[in-house]
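First comes the structure, then the notes that go with it.
What follows is calculated from the coordinates using simple rules that are stated; it is not laboratory data. Owing to the predicted nature of the structure, the values given are computational and were not obtained by experimental measurement. Counting neighbours? That spans all protein chains shown, and the Cβs are built from the backbone with ideal geometry, glycine included.
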Amino acid sequence: MGDIDFNIDRIWELVQVYGLKLIMAVVTLIVGLAIIKFLVNTFRNTMIKRNVDASLTPFLTSMLKALLQVALVITVATMIGIEMTSFIAVLGAAGLAVGLALQGSLQNFAGGVLILLLRPFKVGDYIVANGTGGSVREIQIFHTVLKTPDNVTIYMPNGPLANTEITNYSVEAQRRVDFVFGIGYGDDIDKARRIINEVIDADARFLSEPARQVVVSELADSSVNFTVRVWANASDYWGLKFDTTEKIKKEFDRQGINIPFPQRDVHIYQHTVPANGNGTSQEKPTVG
């Protein structure tokens, strides 16, 4: 009976010593998480109001949140009574183990830092990397978020992204729009050139400088090919590409210019084969 009383007294002493600390630690954790959320939102809104580069905002916000959460965990551990020396030793060992297990994630973090420092693209740019294209929606700590033209969200790891070839279609304000139009060998080259120039002149979205090129570039198997190179604002690129192709086709049809399709001439020859057993000869067609 005495042992039971001793154990109960011991438990009560432990509750008195550590119970209050545990309660305070839990309260600190809950309140701390709420404060971190408030500080992170305030930080994000401040950056947005001050027109900070949209590429930096999500990255720095995520960094701030992670640092504050680590500081909160250390504070709570100290309140419980865990010695900082032991805690730091355990944290260092755990960090090493986690680092070895998450080498890819650390590589992605380093890639995100490089992207923000070197700035090969920013939020809003249209890029193509590793065969995937889309508009940059957000640069996070470990991933870059792309939105494809057909409204699909793609998360690209920052590590491989920072070490691969990136094609950025949004850096330059102007782009060259290239076309190839084929006409028949019997059609008038000068007339076709005039039609192409008239269609271009009628669209104010095309720029007068740099000068356009409308040249005969190839005598192909079935057509005489025009290569057309015209400059426009990058925002007008696809609209002009589609509209001009349709307008040229309609004008060629209206003014009697043929757009040939691949074709092959087949020649049939007749030759006489030797007489058969009945003494008569036969004609056999040959395709050449």
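Hand me the chymotrypsin sites (Phe, Trp or Tyr not before Pro) from region 166-228 located in a DSSP loop with no more than 15 other Cβ atoms within 10 Å, in residue order please.
Tyr169, Tyr185
Between region 205-260 and region 153-202, how far is it from one alpha carbon centroid to the other, in angstrom?
10 Å
At what distance in nm do the modelled label points of Asn45 and Asn197 sit from each other, each positioned 7 Å from its Cα along Cα→Cβ?
Distance between label points: 6.1 nm.
Quick one: length gained pulling Thr164 to Leu106 fully straight, 0.36 nm per residue minus the C-alpha distance?
Net length gain for the segment: 19.2 nm.
How much net charge surrounds Thr144 when only other residues with a Cβ under 9 Å from its Cβ are counted (Lys, Arg +1; Asp, Glu -1)?
0
Residues with amide H under 5 Å of Gly182's amide H, sequence separation 5 or more or different chain, H placed in the peptide plane at 1.01 Å from N; which?
Under 5 Å from the amide H of Gly182 lie the amide H atoms of Phe226, each far enough along the sequence or on another chain.
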